[in-house]
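See below for the structure under consideration.
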Amino acid sequence: MIVTKKALSRRTVLRGIGATIALPLLDGMVPAFAAVRNTAAAPVPRLGVVYIPNGMFMQNWTPDGEGAAFEFSPILKPLEPFREQLLVMSGLSSTPPPDNAGVESGLHARASTRFLTHVVPRRALDSTIEAGMSMDQHAARLLGEQTQLASLELALEPRDFAGACDVGYSCTYTNTISWRSSSTPLPMEHNPRAVFERLFGDEGNTDPAVRLARIQEDRSVLDSVTARVADLRQQLGTRDQAKLGEYLDAVRDVERRIQVAESQNLDLPVVEQPAGVPDTFEVHAKLMFDLQVLAYQSDLTRVITFMMGRELSGRAFPEVGAPGGHHPTSHHQGDPTALEQLTKIKTFHAQLFAYYLDKLGATEDGDGTLLDNVMIIFGAGMSDSNQHAPSDLPIVLAGGGAGQITSGRYVKYSVPTPLANLNLSLLDKLGVPTVESIGDSTGRLEHLVI
């Protein structure tokens, strides 16, 4: 066998009018000499954060047992099929420094802001905002040098500029968990169409009339690269052709679902329901999770943060038997009916997260899957929602981290171990060891690997 070092470039893209379609990792992108040794490209670790607002009902979250023999709680039960890819943790805390002024105020603003920055948000009567650089942006600063997008910041709810926010605190603090710097919060995009166009391009025009015309014509971004797909297939082996076909089918399916959502919402006022946002929470969440899978699969970014809701969100969930509104229900005061509804809301979040893990686990990535190589923090900035408790937070670390995490366990840390220590350790595993501290971190977190 003659061995060459020729391979399809990892940065090969399909370009068309108004579209640039990045490709997943194909066998043909691995140098021939590596294939002869029966090895693949080195796995690429990726970071994800999925944030749950308004705290937790800890009694129904916390598992029984410890170590590998733990038993899933009612809220975490939907995640049981992924036991071997989960590291459940307790004891991690986001307790502010004891000398922090106004520690009893801005509890929701503090929960979301400190989740990744570990800095207490600044209270101000004017428009001044101040927090700290979030850990995802520490990762994006380095990993973004290798991808088209440094990071993606996503949400399921629009930004609130003057609604339900903590008194004396900018709504910015509850609208995002991602901060590029101490004074630069990053907006979270909730419109699937806007996310899709950011990933795969559009015609360079965001005028509503132009977008509406494009919707009505039912055009796909893939239509403009059809000829190039045919040319590329001729260079690929059978396995790569199948992989490419599955990937492009997934892109087309996501775009089709966005178009369905847009056609359903054409008559609604933009201020209430922007085009592209599905009319049910479940459909919206699954669509946004699918977009995240595509972003990782095509290596457009390796860092994604996702808010499943804003702090203080009053969204109701009648579809799962919780019509009372999320935030009001979270202040249950021990009422059995409210606790039952809160459990249903949090279990619903876990069910949707399980959908995401299933998609990641079914998507090839080198010699493994995306789930093997990603590290996703799933959790909330408060534990007991009724008390706005910042200690002993509900945290799950999902994914194998490219072989750097020993999963399938429940680990109890002493309270209050800073949550910042986990985030600092994950930066090490992402290849960003130059960050010495984040917020109130006290060092690296032990027991991530055994």
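The values are calculated or read from the model by the stated rules, or taken from the named source; none is laboratory data. In this text the structure is predicted, and so the values were computed from the model without any measurement. Every residue, glycine as well, gets a Cβ built from its backbone with ideal geometry; the counts of neighbours run over all protein chains shown.
Where helices (runs of 4 or more DSSP H) fall entirely within segment 157-226, those with at least 2 residues that are at pLDDT 80 or above and within 30 Å of His108 (Cβ to Cβ) are at 172-175, 192-200.
Of all residues in segment 300-323, those being touching a residue at least 40 places away in the same chain (Cβ under 8 Å) and touching a Pro at 6+ places or on another chain (Cβ under 8 Å) number 9. Does Ala124 meet the test of being modelled with pLDDT under 95 and aliphatic (A, V, I, L, M)? Taking the combined requirement at face value, the residue satisfies it. Inside segment 274-323, can you point out the residues that are charged (D, E, K, R) and either buried (at least 23 other Cβ atoms within 10 Å of the Cβ) or within 30 Å of Asp27 (Cβ to Cβ) (or both)? Listed by number, the residues that qualify are Lys286, Asp290, Asp299, Arg302, Arg310, Glu311. Test Leu357 against the criterion of being assigned to a helix (DSSP H, G or I), surrounded by 22 or more Cβ atoms within 10 Å (Cβ to Cβ) and at pLDDT 95 or above, and give yes or no. Spelling it out, Leu357 is indeed assigned to a helix (DSSP H, G or I), surrounded by 22 or more Cβ atoms within 10 Å (Cβ to Cβ) and at pLDDT 95 or above. Out of contact with any helix residue (DSSP H, G or I) (no Cβ under 6 Å at 6 or more places or on another chain) and buried (at least 23 other Cβ atoms within 10 Å of the Cβ), is that true of Phe378? Considered against the rule, which asks whether it is out of contact with any helix residue (DSSP H, G or I) (no Cβ under 6 Å at 6 or more places or on another chain) and buried (at least 23 other Cβ atoms within 10 Å of the Cβ), Phe378 comes out as no.
When the residues of segment 45-89 are narrowed to those that are in a helix (DSSP H, G or I) and touching a helix residue (DSSP H, G or I) at 6+ places or on another chain (Cβ under 6 Å), which ends up surrounded by the fewest Cβ atoms within 10 Å (Cβ to Cβ)? Applying the filter and picking the extreme gives Asn60.
Residues in segment 7-28: is at least one more than 25 Å from Gly368 (Cβ to Cβ), at pLDDT below 85, exposed (fewer than 12 other Cβ atoms within 10 Å of the Cβ) and more than 27 Å from the chain's Cα centre (by Cα)? Checked segment 7-28: at least one residue is more than 25 Å from Gly368 (Cβ to Cβ), at pLDDT below 85, exposed (fewer than 12 other Cβ atoms within 10 Å of the Cβ) and more than 27 Å from the chain's Cα centre (by Cα).
Assess whether Glu130 counts as being assigned to a helix (DSSP H, G or I) and out of contact with any strand residue (DSSP E or B) (no Cβ under 6 Å at 6 or more places or on another chain). In short, no. Each residue in segment 167-185 was checked for being surrounded by 20 or more Cβ atoms within 10 Å (Cβ to Cβ) and farther than 15 Å from Arg114 by Cα, and 0 of them qualify.
Taking the criterion of being under 26 Å from Ala42 (Cβ atoms) and of a type in the set (Val, Ile, Thr), the residues of segment 398-428 that qualify are Ile405, Thr406. Candidates are the residues of segment 381-396 that are touching a His at 6+ places or on another chain (Cβ under 9 Å) and surrounded by 22 or more Cβ atoms within 10 Å (Cβ to Cβ); the one that is farthest from Gly48 (Cα to Cα) is Ser385.
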